[in-house]
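K.L.:
I'd like to ask some things about the structure below.
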């Protein structure tokens with residue numbers, strides 16, 4: 001099957017983390033890693049109630065969220081579920097002193 005070319009824009013920190021993670025997992029290329037992520041998502045077919053709302057936040061809040069995730073990953077924090085929810089709540093609460101209930105996309109409402 002012929003490939004279809006697509007492009008995505010990533011902040012440098014996410015692009016670097018993706019490349020490092022791909023190498024860590026033994027993928028032959030970043031492209032192979034991205035394809036595997038899509039396949040995994042389709043295989044699991046879970047909802048994205050934790051990560052999708054992050055996409056609705058302002059870019060600077062997403063960047064801070066990404067920086068926290070990347071730091072924790074590099075520090076060896078590999079927990080799932082409740083830890084991720086806690087991390088998102090912390091980032092939202094710190095977002096320019098905004099009331100978490102008023103954050104765009106109703107992130108906290110979706111998490112509870």
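K.L.:
Determine, from the Cβ-Cβ distance of residue 56 and residue 29 and an R0 of 25 Å, the FRET efficiency 1/(1 + (r/R0)^6), rounded to the nearest 0.05. Can you show the working numbers first?
P.N.:
Values: r = 30 Å, r/R0 = 1.22.
In this case the efficiency is close to 0.25.
K.L.:
Got a sec? How would 51, 68 order by Cβ neighbour count within 10 Å, fewest to most? Write down the numbers at each step before the final one.
P.N.:
On the way: 51 11, 68 16.
Result, fewest neighbours first: 51, 68.
K.L.:
Within 10 Å of each residue's Cβ, count the other Cβ atoms and sort 8, 70 from fewest upward. The partial results should precede the final answer.
P.N.:
Working: 8 7, 70 16.
If I rank by nearby Cβ atoms, fewest first, I get 8, 70.
K.L.:
Something else: Could I have the simple spin-label model distance between residue 7 and residue 47, label points 7 Å from Cα toward Cβ, reported in nm to one decimal?
P.N.:
So the two model labels end up 3.6 nm from each other.
Values in this text are rule-based calculations from the coordinates and carry no lab data. Nothing here was measured: the structure is a model prediction, and the numbers come from that model. Cβ coordinates were reconstructed from backbone atoms using ideal geometry, including for glycine residues, and neighbour counts include every protein chain displayed.
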